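Everything on this sheet refers to the single structure shown next.
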Amino acid sequence: MTRYREIADDLRRRLLQGEFVAGARLPGEERLAAGYGVSRGAIRNALATLQRRGMLVPIPGSGWRVHSDLQTQQFVEFRSFAQWARSRGLVPAGLVMHQERVPATAHDARMLRMRAGDDVLRVTRVRTLGGSPAMLERTTYPTWMIPIIEPLPADQPSVTQAMLEAGVMPAHGVHHIDTVPASGEDAESLGVRRSTRLLRLRRESYTRDGRAIESGDDRYAPDVMTFEVHTSASTHFITSASD
């Protein structure tokens with residue numbers, strides 16, 4: 001991949017993350033060139049690429065600005081199933097099928113940055129769109145999150161919103177995407193045949209100071225969800241919709 005394309009991908013990631021808001025001016029070409037360690041020509045090619053994608057608008061004689069219609073997302077918005085569904089005119093809902101406190105395993109301790117044996121809360125929920133099963137969500141929460149999650153009603157529409165109201169702000173996360181055959185529980189919950197290939201999102205999220213919030217395994221019914229991945233030489237950004 002040529003350098004200008006890598007730069008275009010990185011700038012696109014920064015735009016989608018909201019670093020440059022809609023209608024705002026970008027830093028000048030010289031400043032961008034210095035930041036990326038390239039010539040102004042490479043920067044111009046990268047900016048032109050984003051212009052063709054409808055993300056930037058040239059300002060004659062004075063640089064570039066972010067397209068005023070660009071839809072950007074913060075971390076909470078791109079990871080919320082409920083917000084994603086409502087933005088598309090769909091009706092999201094969910095129901096807790098199983099919830100229990102159990103001692104953290106060694107795997108839990110590693111994923112959630114806690115001690116093995118301390119309590120974790122395991123929650124299994126079915127998420128629906130328009131009344132139809134869309135995703136089976138299995139989430140494990142560390143001890144400090146239990147008082148926030150455990151009292152929520154079984155049909156809580158957005159766990160993300162409940163966390164925000166409790167002052168828990170997800171700042172960054174790690175997402176792993178693959179496909180898996182539906183287990184018996186998956187098949188029964190999602191109304192598909194056993195061994196049907198399901199899109200799976202394994203996720204961990206953290207506060208700004210690195211405190212683990214949750215570890216999850218989400219399995220989507222066929223034809224419900226797609227994921228778009230943007231990469232550059234030094235960064236990786238995944239947009240998704242999960243709660």
Just need the relative contact order of the stretch 153-200 here, percent rounded to a whole number, with Cα pairs under 8 Å and 6+ apart.
30 percent
Expected output is a single nm value to one decimal: the length gained when fully extending between ALA154 and ALA24, i.e. 0.36 nm times separation in residues minus the C-alpha distance. What is it?
42.6 nm
What is the projected area of the convex hull of the Cα atoms of the stretch 86-149, averaged over all directions, in nm²?
5.1 nm²
Separation of the GLN161 and MET97 label points, Cα + 7 Å toward Cβ, nm
2.4 nm
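Values in this text are rule-based calculations from the coordinates and carry no lab data. Only a predicted model underlies this, so the values are computations on that prediction, with no experimental measurement involved. Methodologically, a virtual Cβ is constructed for each residue, glycine included, from the backbone with ideal geometry; neighbour enumeration extends over all protein chains shown.
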